[in-house]
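Below you'll find the structure, written out as C-alpha cells, and then a few comments.
The values are calculated or read from the model by the stated rules, or taken from the named source; none is laboratory data. Bear in mind that the values here come from a model prediction, so they are computed numbers and not experimental data. Positions of Cβ are generated from backbone atoms using ideal geometry, with glycine treated the same way; all protein chains shown enter the neighbour counts. What goes into the accessible areas is simple: the full protein's heavy atoms, side chains included, and nothing from ligands, DNA or RNA. Shrake-Rupley method; radii C 1.70, N 1.55, O 1.52, S 1.80 Å.
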Amino acid sequence: MLSSKLLTLVLVVQPSRVLLGMKKRGFGAGKWNGFGGKVQPGETIEDAAKRELQEESGLTVDVLDKIGNIKFEFVGETELLDVHIFRADSYKGEPTESDEMRPQWFDCDKIPFSQMWADDILWFPLMLQKKKFVGYFKFQGHDVILSHTLEEVQEL
C-alpha cells in the first residue's frame with residue numbers, strides 16, 4: 001500500500017496569460033510549473049497553497065478556486081502524491097524570483113509544455129476553462145506517463 005503525501009499547486013491566471021515558475025532546485029527542477037508544495041501539520045490545504053505561492057513567487061491571494069485533484073504514482077516510489085490544484089484570478093504584489101522558483105508570464109497559446117511535467121498538457125485546458133477535474137497519473141521516472149485517468153467533475 002502506498003502512503004500519501006498532501007501537496008498543493010497554484011496557477012495564477014490573467015486574461016490570456018498564466019504565471020509559471022522555473023523550478024530551480026529539488027523535485028521537478030528544470031521544469032516550468034505552478035507554485036506549491038507540502039501541507040504542513042495543522043495547516044489547511046488552502047492555507048498551504050497561499051503560503052507556498054507567497055514563498056515561491058512573492059504574490060499574495062485572498063481567493064483561491066479549487067480546480068482539480070490529481071494523484072501521482074511514480075514506479076518504484078512508496079509515496080502517492082495527492083496534489084490539490086487551485087486557480088487564482090486575482091493577486092497582490094509583483095512576481096518575484098525566490099530561491100526555488102523564477103516566475104514568468106506566458107501567453108495561453110505559448111505555454112511551454114515541452115519543458116513541463118508530461119501531464120500538464122492534458123489538464124491545463126480544463127484549468128484554463130475553469131472546469132473542475134480529477135485524475136490519476138502513473139509515471140516511469142519524471143517524463144513517461146505509463147497510464148492515466150482524467151475526468152471533468154461538477155464538484156471537488
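For region 127-141, does any single residue satisfy the condition of being under 17 Å from Gly21 (Cα atoms), of a type in the set (Gly, Ala, Ser) and over 14 Å from the mean Cα position of the chain (by Cα)? No - not one qualifying residue is present in region 127-141. Can you name the number of the only condition in (1) closer than 23 Å to Leu156 by Cβ; (2) among the hydroxyl-bearing types (Ser, Thr, Tyr); (3) part of a helix (DSSP H, G or I) that Ser4 fails? Tallying (1) closer than 23 Å to Leu156 by Cβ; (2) among the hydroxyl-bearing types (Ser, Thr, Tyr); (3) part of a helix (DSSP H, G or I), Ser4 fails exactly one: (3). Consider region 115-137 and keep the residues that are of a type in the set (Phe, Trp, Tyr) and in a strand (DSSP E or B). The one that is surrounded by the fewest Cβ atoms within 10 Å (Cβ to Cβ) is Tyr136. All of (1) within 22 Å of Gln115 (Cα to Cα); (2) out of contact with any Gly (no Cβ under 8 Å at 6 or more places or on another chain) hold for Arg102 with one exception: (2). I'd like to check something: does region 103-114 contain any residue that is crowded, with 16+ Cβ neighbours inside 10 Å, part of a strand (DSSP E or B) and of a type in the set (A, V, I, L, M, F, W, C)? The answer is no; no qualifying residue exists.
Within region 123-135, residues that are farther than 11 Å from Arg87 by Cβ sit with their Cβ atoms under 6 Å from residues that are assigned to a helix (DSSP H, G or I), at 6+ positions apart or across chains, in these pairs: Phe133/Trp123; Phe133/Leu126.
Residue count for region 1-29 under the criterion of being more than 21 Å from Asp109 (Cα to Cα) and out of contact with any Gly (no Cβ under 8 Å at 6 or more places or on another chain): the result is 12. The selection criterion, being without any contact (Cβ under 8 Å) to a residue 60 or more places away in the chain and farther than 25 Å from Ser147 by Cα, does not hold for Gly37.
Only a single item in (1) within 13 Å of the chain's Cα centre (by Cα); (2) farther than 23 Å from Ser3 by Cβ is not met by Ile85, and it is number (2).
The residues of region 73-89 that are open to solvent by less than 70 Å² (accessible area, probe 1.4 Å) and either on the phi > 0 side of the Ramachandran plot or small (Gly, Ala, Ser) (or both) amount to a single one, Ala88. If you take the residues of region 1-52 that are over 16 Å from Asp99 (Cβ atoms) and among the small types (Gly, Ala, Ser), which of them is surrounded by the most Cβ atoms within 10 Å (Cβ to Cβ)? Among residues in region 1-52 that are over 16 Å from Asp99 (Cβ atoms) and among the small types (Gly, Ala, Ser), the one surrounded by the most Cβ atoms within 10 Å (Cβ to Cβ) is Gly34.
Residue-wise test of (1) at positive phi; (2) in a loop (DSSP other than H, G, I, E, B); (3) of a type in the set (Gly, Ala, Ser).
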site: Met22; (1), (2), (3): no, no, no
site: Ala29; (1), (2), (3): no, yes, yes
site: Pro41; (1), (2), (3): no, yes, no
site: Glu52; (1), (2), (3): no, no, no
site: Glu56; (1), (2), (3): no, no, no
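Figure legend. Inter-residue proximity from region 138-156: first residues within 16 Å of Ile85 (Cβ to Cβ) and open to solvent by 80 Å² or more (accessible area, probe 1.4 Å), second residues not aliphatic (A, V, I, L, M) and not in a strand (DSSP E or B), beta-carbon distance below 6 Å, spacing 6+ or different chains. Indicated pairs: Glu152/Lys131.
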